[in-house]
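Student: My questions all concern the structure below.
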């Protein structure tokens, strides 16, 4: 049989040969055997080729995944991995073992790959000394213990004033007032007569009377040496200082007790700062304070806390903190505006340092705070726990109750765990009662995008148009900060914060009264403090962290006072900001420009409502 390249099995030749042969019974048997061999060869070849190819194996974890969902939009349930159709985030798997086999009402167990996808990070709760930097604003004032007055101690007429205008610096003993007084003239004559009559008791009594009227011993001796009463007596400065006020003019008749000059020693001054109630825990006597002024940018002055007012101002809800400052060169002048920083630490409790956790660990909503704790001895198991938080100190929270030292809490990815627990209809931070989770951050109108908002809406105040008009520069400066942060520009954001501080300082609080005044003073302080933090921010992260409370304050200002006629102010929201805590902001244009993510997620967010000029806020459809 001939084997060729075109016919490697020799079938053609074999069949040709068969055609020329006359088969007997044994010949047919031979043909059958050959055909069978060919079939077996083909089958074995196919089997061998399948064995040499790699066979895909389903991963055990993928088989266990019930479905894939979005940590921000738990209503999304996909049969396989991919991107969220709403926000574009990578979907995370929900496993059969996720939270179901441990029996806990607020627990979740994640596999290793799920933990990597959710980027879970943990850190221990530990005791350590923590510090906080408080920012306050205030102004320079005269030290009340260093004030002096020149007053008329007897009735008379002012014939001469040596200081004719305020601001003049005088020394103790300098002549100030030339006064003619009939009483004083009569007393001088009586002194001269008593001296001539050698009546020592009468002379001493008159001398005491002249001393009480402000004459010095030298002036009294001069009367005796001259032997004649002076028609005009010179009143001298009782202390060195600066003339702050002049209350009289030449030729004016004055009564006993009338003030002629006010003198202040400005070598030491007071700085009075406004501290909010929540800041009082950090403030104590003799605490060091640093501050800056607009007059000397970049230069820092120092003083110490001397007194904390025992009464809260009912209008501004602040407490005055008095700082004593040395001012030997007189550079600090009364009424100067200052920005102060106070560094304080949490005092030990019962001999122990405070228990702290990173500020990114707790999920805070209203009065509740939840952390997720890694369960010891159970790989990938996490338990939700309500805790009582103390004050925030920089990048840490003080924990009052709910945690023990050494317990490991989730510091990154806690919101994703909470979302997964919501999907399983268990109690979570956002859904404390458990059951079917509610959705609410629909970027493109999916799900419940058209649902009405539910939030506390305050009744707007009826304020004069002039007050609304002066808020225009405030909004304008704020929008500059918002645009800068949305475009990842730190320096323009700092400059915008400076403009905002100036705009706030130029506002006239006297235009509003009653509850409107109280609300404005409260938001004025909060906005100013937040703007100060942005102006001194060292990076975009710090600036964005300070932009959140600034936005909250100005949203409330826009709601309470309503802008003047012009471009409407639009409220936006992104619940993905700050590890899922969420944040809002204002824009003067339609179309999301997210200041919390910038170019990373420029269009992430939703339009909530428009604050209509001169009207109450009106909800609008969610727009991108």
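Student: Sort through 397, 382 and tell me the only one that's over 23 Å from the mean Cα position of the chain (by Cα) and at pLDDT 85 or above. Walk me through how you get there before you give the answer.
Tutor: Working: 397 fails: over 23 Å from the mean Cα position of the chain (by Cα).
Just a single option satisfies the conditions, and that option is 382.
Student: Select from the range 486-501 the residues that are assigned to a helix (DSSP H, G or I) and touching a residue at least 60 places away in the same chain (Cβ under 8 Å) and list them in ascending order.
Tutor: To start, the set of residues in the range 486-501 that are assigned to a helix (DSSP H, G or I) comprises 486, 490-501.
Once the filter is applied, which keeps residues that are assigned to a helix (DSSP H, G or I) and touching a residue at least 60 places away in the same chain (Cβ under 8 Å), the range 486-501 yields only 486.
Student: Quick one: how many residues across the range 228-245 are more than 20 Å from residue 156 (Cα to Cα) and either surrounded by 20 or more Cβ atoms within 10 Å (Cβ to Cβ) or not assigned by TED's automatic domain parsing to the domain that holds residue 172 (or both)?
Tutor: Residues flagged as more than 20 Å from residue 156 (Cα to Cα) and either surrounded by 20 or more Cβ atoms within 10 Å (Cβ to Cβ) or not assigned by TED's automatic domain parsing to the domain that holds residue 172 (or both) within the range 228-245 amount to 2.
Student: Additional query: In the range 273-296, which residues are in a strand (DSSP E or B) and surrounded by fewer than 17 Cβ atoms within 10 Å (Cβ to Cβ)?
Tutor: 288, 290
Student: Please specify each residue of the range 519-544 satisfying the condition of being surrounded by 19 or more Cβ atoms within 10 Å (Cβ to Cβ) and closer than 15 Å to residue 484 by Cα.
Tutor: Those that are surrounded by 19 or more Cβ atoms within 10 Å (Cβ to Cβ) and closer than 15 Å to residue 484 by Cα: 531, 534, 535, 537, 543, 544.
Student: Follow-up question, since we're still on this one. Within the range 167-192, which residues are without any contact (Cβ under 8 Å) to a residue 40 or more places away in the chain and either touching a helix residue (DSSP H, G or I) at 6+ places or on another chain (Cβ under 8 Å) or not in a helix (DSSP H, G or I) (or both)?
Tutor: The initial filter retains those residues of the range 167-192 that are without any contact (Cβ under 8 Å) to a residue 40 or more places away in the chain, namely 182-183, 186-187, 190-192.
Listed by number, the residues that qualify are 187, 190, 191, 192.
Student: Let me ask something else. Scan the range 210-227 for residues that are surrounded by 13 or more Cβ atoms within 10 Å (Cβ to Cβ) and touching a residue at least 12 places away in the same chain (Cβ under 8 Å) and jot them down. Before you say what the answer is, go through the steps one by one.
Tutor: Taking the range 210-227 first, the residues surrounded by 13 or more Cβ atoms within 10 Å (Cβ to Cβ) are 210-211, 213-216, 219-220, 223-224.
Scanning the range 210-227 gives 210, 213, 214, 215, 216, 219, 220, 223, 224.
Student: Of everything in the range 97-114 that's modelled with pLDDT of 65 or more and not in a strand (DSSP E or B), which residue is surrounded by the fewest Cβ atoms within 10 Å (Cβ to Cβ)?
Tutor: 112
Student: Oh, and also: For residue 471, state whether it is within 19 Å of residue 568 (Cα to Cα) and crowded, with 18+ Cβ neighbours inside 10 Å.
Tutor: yes
Student: Please work out if residue 319 is surrounded by 18 or more Cβ atoms within 10 Å (Cβ to Cβ), closer than 30 Å to residue 243 by Cβ and not assigned by TED's automatic domain parsing to the domain that holds residue 501.
Tutor: Criteria not met by residue 319.
Condition check ((1) on the phi > 0 side of the Ramachandran plot; (2) at pLDDT 75 or above; (3) part of a loop (DSSP other than H, G, I, E, B)) across all residues:
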{"site": "406", "(1), (2), (3)": "yes, yes, yes"}
{"site": "422", "(1), (2), (3)": "no, no, no"}
{"site": "435", "(1), (2), (3)": "yes, no, yes"}
{"site": "452", "(1), (2), (3)": "no, no, yes"}
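Student: Could you check, for the range 224-240, whether at least one of its residues is modelled with pLDDT of 90 or more, in a strand (DSSP E or B) and more than 41 Å from the chain's Cα centre (by Cα)?
Tutor: The answer is no; no qualifying residue exists.
Student: Would it be correct to say that residue 207 is loosely packed, with under 14 Cβ neighbours inside 10 Å, touching a helix residue (DSSP H, G or I) at 6+ places or on another chain (Cβ under 8 Å) and not assigned by TED's automatic domain parsing to the domain that holds residue 330?
Tutor: Spelling it out, it is not the case that residue 207 is loosely packed, with under 14 Cβ neighbours inside 10 Å, touching a helix residue (DSSP H, G or I) at 6+ places or on another chain (Cβ under 8 Å) and not assigned by TED's automatic domain parsing to the domain that holds residue 330.
Student: Can you say whether residue 314 is outside the structural domain of residue 498 (by TED's automatic domain parsing), loosely packed, with under 13 Cβ neighbours inside 10 Å, farther than 19 Å from residue 140 by Cα and touching a residue at least 60 places away in the same chain (Cβ under 8 Å), as far as the supplied structure shows?
Tutor: Working: outside the structural domain of residue 498 (by TED's automatic domain parsing): yes; loosely packed, with under 13 Cβ neighbours inside 10 Å: yes; farther than 19 Å from residue 140 by Cα: yes; touching a residue at least 60 places away in the same chain (Cβ under 8 Å): yes.
Taking the combined requirement at face value, the residue satisfies it.
Student: Condition (residue is more than 26 Å from the chain's Cα centre (by Cα), surrounded by fewer than 15 Cβ atoms within 10 Å (Cβ to Cβ), in contact (Cβ under 8 Å) with a residue 40 or more places away in the chain and assigned to a loop (DSSP other than H, G, I, E, B)) applied to the range 323-332: is it met by at least one residue?
Tutor: yes
Student: Also, quick follow-up: Among the strands (runs of 3 or more DSSP E) contained in the range 502-620, which hold 2 or more residues that are in contact with a strand residue (DSSP E or B) (Cβ under 8 Å, 6 or more places away or on another chain) and within 28 Å of residue 360 (Cα to Cα)?
Tutor: Those strands (runs of 3 or more DSSP E) span 569-574, 583-587, 606-611.
Student: Let me ask something else about it. Of the residues that sit in the range 78-96 and are in a strand (DSSP E or B) and closer than 21 Å to residue 577 by Cβ, which one is modelled with the lowest pLDDT? Even if it seems obvious, please write down each step before you answer.
Tutor: Here is the first cut: in the range 78-96, the residues in a strand (DSSP E or B) are 78, 83, 90, 92-95.
Right, trim to closer than 21 Å to residue 577 by Cβ and you get 83, 90, 92.
Values: 83: 82, 90: 79, 92: 75.
Per the criteria, the residue is 92.
The values are calculated or read from the model by the stated rules, or taken from the named source; none is laboratory data. Since the model is a prediction, treat every value here as computed from it, not as a measurement. Positions of Cβ are backbone-derived with ideal geometry, glycine not excepted, and every protein chain shown enters the neighbour counts.
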